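Report on the structure given below.
Laboratory data are not the source of any read-out in this text; all were calculated from the coordinates shown. Note that this is a predicted model, so its numbers are computed, not measured. When we count neighbours, we look across all protein chains shown, and the Cβ atoms used for this are built from the backbone with ideal geometry, even at glycine.
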């Protein structure tokens, strides 16, 4: 069976929209890497795969089959319908969405959390997710009107990290910040005009190794004034040269790793 | 005069190709931000601008006029011809290319240099350039078959940083490494399987504040074995979570800032 607009493909295509994902509680993980991580760490219901992709990624098809997921053969045109990339890889998995309740994401004495506040670009959000994962963060929280973590571009940019650590969403930024504080996390707002320079390591304020939630703002506008006012400390990544700023993902990398490396150092020393 | 395929536009369009840039020694800085930085820090010969862009960015047109650059009115179709983006901003400047000889880029006792070895993606290269600028690097070197720094995507991702610090190119990677060593820089190869973890700060090996050239490899393949063997030290960004790796720009951010912040700390303490 290999025609492109089967009812199953049409239903799966709805998962490329946010409303389709919200209604069904499922999303599409597209491409071999995302599918591999979904099979390993997520919950896969169905695998769509073209003939060439079956030859290239036979192990993924066998794995999907072994866990009882439905495997549906599709043609190149159907692969295009299910893809948000210019050159579809011909393999996509229907998975349960990954978000958990805020309280669950923050359970168990977290030490490092990233909070995206109104981050609009899915590629940026996915890259921050990947960096947070690499830095050993305990959770990533999407606050306010941040992009959907299940957006295809975000899934791809995260290279599987959305399956690796708890992800939660809070429409009200204030609720997210309150939950972080209640979980014992200091609120550190990353901001270009902050009181503390990152290189000073928050000396005299508990240091960088103390449990922290890094608040990261929108690409163009940064963090809103009320969030800056609400933070325990505002911290700037120092600019030593003539660049005006860093982009969101690189700023997040520097902040999260500064905490992670200080924490790891503290753990080794302790 | 506002037809789209004037000889001037046709000539400028050639600068969107590498061969066109190499022949003329000029390139196109596209978009208001790139044009602003070019006017401030580069050498601009001609400004192409649509009527709507003239209204939005009158100060740039006046600035170009004041330095004696030719200002050429174009229509929307010409703006498309000169643009490599989906939605052209209608403003682009013809500038002198920015590369300087390797010896010039490394003159004056540099303390921090980024070396891109075979980096293929122009967006990544531009983002690393921006990060290197922000971290106060003294130069960025493009080694081997790395992308052209004047590629439109690289120019945009650099957000003007290509005008802020010396950029040089060396076709032979070995020549670039030799020049760095001769300039007193340790060669630090960023690699996932390295001997040293970044968090250990190269303690016992001069520390992170010592003058260093960070060698950054291709997005997919990393650094070639001969470059790893050639480095003074190989250093890995530790992965604390379950991500397989960091992407090039975020890894570069963590490495360059680790050196920069150690150096700044040393400077403050010294």
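Some points to look at:
- Here the contact order of region A:7-96, divided by its residue count and restricted to Cα pairs under 8 Å and six or more residues apart, works out to 42 percent.
- Between residue B:242 and residue B:56, the distance separating the two model label sites (each 7 Å from Cα on the Cα→Cβ line) works out to 4.3 nm.
- Highest-first arrangement of A:220-227, A:247-254, where packing means the average Cβ count within 10 Å: A:247-254, A:220-227
- Three-way shape call for region B:7-96 based on the alpha-carbon gyration tensor, with the a/c threshold at 1.5: oblate
- Peptide A:232-240 shows a mean partner chain C-beta count of 3 within 10 Å per residue C-beta.
- Beta bridges assigned by DSSP with both partners in chain B are antiparallel in approximately 30 percent of cases.
- Applying 0.36 nm per residue to the separation of residue B:182 and residue B:85 and subtracting their alpha-carbon distance, the gain on full extension is 30.9 nm.
- Annotation: the antiparallel percentage among DSSP beta bridges lying fully within the protein assembly as shown is about 30.
- FRET efficiency, residue A:104 to residue B:193 (Cβ-Cβ, R0 41 Å, nearest 0.05): 0.70
- Taking the centroid of alpha carbons for each part, region A:196-270 and region A:142-178 are 19 Å apart.
- Shielding by partners, peptide A:133-140 (average Cβ within 10 angstrom, other chains): 5
- Computed over the protein assembly as shown, Kirkwood Rh from alpha-carbon pairs, angstrom: 24.8 Å
- Set of region B:125-163 residues, backbone N closer than 17 Å to the point 7 Å along the Cα-Cβ line of residue B:219: B:125-131, B:143, B:145-159
- What separates the Cα centres of region A:73-102 and region B:84-112 is a distance of 39 Å.
- With Cα atoms, 0 to 90° folded angle of helix B:122-134 axis to chain B main axis: 70 degrees
- Averaged over the residues of peptide B:194-207, the number of Cβ atoms from other protein chains lying within 10 Å of each residue's Cβ is 1.
- Tilt relative to chain A, helix A:173-182 - C-alpha long axis, 0 to 90 degrees, to 10: 70 degrees
- Gyration tensor (alpha-carbon) shape descriptor, region A:102-269, a/c threshold 1.5: rounded
- Chain A, relative contact order [Cα under 8 Å, separation at least 6], %: 19 percent
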